[in-house]
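Only the coordinates and a few stated rules stand behind these numbers; no lab work does. Just so we're clear, the structure is a prediction, and the values are computed from it rather than from any experiment. Backbone-built Cβ (ideal geometry, glycine too); neighbour counts: all protein chains shown.
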Amino acid sequence: MVSTEMATRALKRHYFGSYVIGLFLMLLTANGYAASLSSKVDRSTVNLGESFELTVTFSEQVLFGEPDFSVLEKDFNLLSRNQQSKYSNINGNATSLTQWIIRLSPKRTGSLLIPSFTFKGEVSNALEIQASKAKPSTQATGAAVFTETVLDKNRVYVQEQALLTLRLYTSVPMSNFSVSELAVPGAQLLKVAESQYQKDVEGKQYTVVETRYAIFADSSSTLEIPAIQYSGIISDRSARYSGSLFRQRGKQAFFHSEAKQLQVKPKPNDNSLPYWLPGKGLALHERWSNTTGDITLGEPLTRTITITGQNLMASQLPPLQMPDSKNYKLYPDQAQMENSVSENGVFGKRIESIAIVPTQVGSISLPDITVHWWDTEANLPRQTVLKGRSLNVLPATNSATELVDNSIAPTENSDAIIPAPQGQSKISTPITGVYFWLLAASNLVLLLVAAGFAILWWRNRPTAAITPVENTATVSDKELFKEIRMACAMDNYPGLRQAIINWARVHWQQPHLHSLDEVAKLADNEELSAEFAALDTKLYSDSDAQTSVNCDTIFLALEHLKKAGAVSASSRKKDKRQHLKPLYPDNTESNV
């Protein structure tokens, strides 16, 4: 019995000693074990725009920190990054490691280097990647995803529209879908349509993503249209880490359209057009502020002309040419331009508004407006004509009133006899003596009483009565500006000078203005100051030299000031607070 217990104790001591020795040897092995850092890729040959996976492994658990991956941004796009830790213990062999899984896409073609990384004193191996030019994902029999690139024309004239249609066909679900922007050097580009629809291709159902562009080449040459890239995540449940919370369920995929070449022809040699305007159609429309055809002398009539071009951008449409005449003056406004797009391309529009101010009474004729263009379908020159119009100019309102007054006044040759009132023959007794002096005295008393009341009212008059009302000032501003317009149209220089001063007094609320020089200082416009000086020279200089005054420049500059004043007045209306005068006068006022 004793010998059995002693044998059992000896065996336990042996097991315990073996365990201690094993643990000691394990610690020695662990102390002598060196960590490592390594890199690998899932493929070393990729096309431009495709992605590949880089895995960097460190043979220990890492809670904080990582290698410096910013060095990859020189040659690669970093699409995603994921960190994973692993631990295993098999038959007493414990291993632990940390992995960084990075998805990259090359930025350029050629041989690209993934450099060595340094982490916790360890250095990884460098890798070489071969990046090639992207190949188009054109249609293949039964392919799950493919692209289609279509040009409506292979040859166009310079600045003629070419339609480019890009389509992506996919028969599999795709998430996180994106498409790169198209850029064509040497051409102007407009995206005109985007759509998505279903299509049956050889008995297989596809979802089609279609994008359409209008291209206008700037010069005659061979235009290179590059490929664009489609990307998305295609469902793949068998893919590695597809169930991770930090990764999309599926595989990142890239597809490319086909690059195209467009031959751009120069303008025809026998082209006699004044400007180059290649399009499919062109139209002119007009609208008048007065449809009766009768206008008043000096009053403006607005003519709005719209020019539209099919397969032409608004920037290509030319400004309309309408010549001046001694019978009227023209004041064009800034043109408005806009582009409408559809699946057929661009539809450009240019809107011009012109104020016509007649300078003579009678009939005036406006000439035809002709726009020349090149028909790209018939390959022939064309022209679109907007017919002119005759207008009847009536005298101004003041002149009409004078004519009426003169017509009712008696003339020297008139045989009309104006009968005397009947009561006048009966009242024939003259006022004599006492009656005359009584009448004079009563009138004098009434005059003195009226003068006294006038003095009392003047002393106690309300100050608010002399404050101009904003609405009255606005009406006066408009009326006075009409006088400027009429004086400009009639080249009435004395009237123009006085009209400008009158309008400036109301516009700037400066009732003591008396010269154009003061108006020029308020306007702070060098061009206007020069024209004011020329106007004064023409009116008051004794020299025989003919001074030129540009009334149109004066009118347009003043109209700009008037519009700017209207904007500031509207902003003042929005501010409902009462603005108080300063409590203390300026230093300049206190010294006066």
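What to note about this one:
- Its relative contact order, with pairs defined as Cα atoms under 8 Å and 6+ residues apart, puts segment 278-394 at 32 percent.
- The calculated FRET efficiency for residue 454 paired with residue 562, based on their beta-carbon distance and R0 = 30 Å, is about 0.20.
- R0 of 25 Å, Cβ-Cβ distance residue 539-residue 482: FRET efficiency to nearest 0.05: 0.70
- Among the listed pairs 107/191; 260/280; 107/153; 329/478; 133/191; 74/153, those beyond 30 Å (Cα-Cα): 107/153; 74/153
- Cα-projected label distance for residue 442 with residue 363, points at 7 Å along beta-carbon direction, nm: 6.6 nm
- Modelled FRET efficiency - R0 22 Å, residue 176 with residue 69, Cβ distances, 0.05 increments: 0.50
- Across all C-alpha atoms in segment 37-132, the radius of gyration and Dmax reach 14.5, 48 Å.
- Full extension of the chain between residue 151 and residue 88 gives 16.8 nm of extra length, using 0.36 nm per residue less the Cα-Cα distance.
- Short-range pairs are left out: with C-alpha atoms under 8 Å and at least six residues apart, the relative contact order of segment 145-265 is 32 percent.
- Of the chymotrypsin sites (Phe, Trp or Tyr not before Pro) found in segment 36-121, those that fall in a DSSP loop while having at most 11 other beta-carbon atoms within 10 Å are 64.
- Simple spin-label estimate for residue 265 and residue 285 in nanometres, 7 Å along Cα-Cβ: 3.2 nm
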